[in-house]
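The values are calculated or read from the model by the stated rules, or taken from the named source; none is laboratory data. Keep in mind that this is a model prediction, so the values were computed, not measured. Note that each Cβ is placed from the backbone with ideal geometry, even for glycine, and that neighbours are counted across all protein chains shown. Each accessible area value is taken on the protein alone, full model and side chains, heavy atoms only, with ligands, DNA and RNA left out. Shrake-Rupley method; radii C 1.70, N 1.55, O 1.52, S 1.80 Å.
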Amino acid sequence: PEIEPVYELPEIREWIGFNYVLSDNDPEGKAVHFFIDDYQFERLWNDPDKYVEKLRQYACVLSPDFSPYGDMPLATQIYNHYRKHWVAVYLQRSGVTVVPTIRASSDERSLDFFLDGEPHGGVVCISTMWATQDVEMREKLEEEYNLMIEALQPCKVFIYGKRVEGLTDGAERITTFAERRFCVGDGGGMETAV
């Protein structure tokens, strides 16, 4: 399934994990991410209609980040990419503003399909969380990021996770839950990477 591009968003004052959506009573000005353990949002795949009405209330919702770990069988990586797209398109057709999450795995073969179905010229989000541990993972992230920029030519990029110098220039960094909770970084919802 092909995700439709989103070119503009209202101001977002805070990003929350999907695991907080049902208990959130003030969705105005907020956006939803899926950079949490997969088990916390499998329920969206199993019963998306249960969450559509609530998700429509947010400024935007990222496409679910079903994990494509490099040590998974290739078929499972492709399946999780498909599931991300199926849910994103279903939500879009149900009136939810969905921004695609771009993600390859550490398996080089994922570079052959990780951009399939992603929109050109729109807003996208990418995470650095999995790739800042060592030099090899950082190099894979750089390759993924550069391929994404070249192929999709996004109008805006959100980065969730730590700043990676030289990679995120001009992108808007989303402050992680841990940074907000423990007052690391700016303590707000976003910052522009420089």
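Averaged over its residues, the stretch 1-87 has an accessible area of 51 Å² per residue, based on protein heavy atoms and a 1.4 Å probe. Across the options Tyr20, Thr175, Leu152, the greatest Cα extent toward the positive end of the charge dipole of the chain (unit charges at beta carbon of Lys, Arg, Asp, Glu) belongs to Tyr20. Once you've got the Cα coordinates, tell me which of Lys30/Lys84; Lys140/Lys162; Lys50/Lys84; Lys54/Lys156; Lys50/Lys162 are over 27 Å apart. Violating the 27 Å limit, Cα to Cα: Lys50/Lys162.
What a 1.4 Å probe finds exposed on the stretch 104-157 is 47% carbon and sulfur by accessible area, rounded to a whole percent. A 1.4 Å probe over all protein chains sorts Met129, Met148, Met72 by accessible area into Met129, Met72, Met148, starting with the largest.
Report the local net charge at Phe34: Lys and Arg +1, Asp and Glu -1, summed over other residues whose C-beta lies under 13 Å from its C-beta. Net charge around Phe34: 0.
Each Lys and Arg adds +1 at its Cβ and each Asp and Glu adds -1 at its Cβ; summed about the Cα centre, the stretch 1-137 shows a dipole of about 360 debye.
Here the stretch 6-47 has 44 percent of its accessible surface on carbon and sulfur atoms, given a 1.4 Å probe and all protein chains in place.
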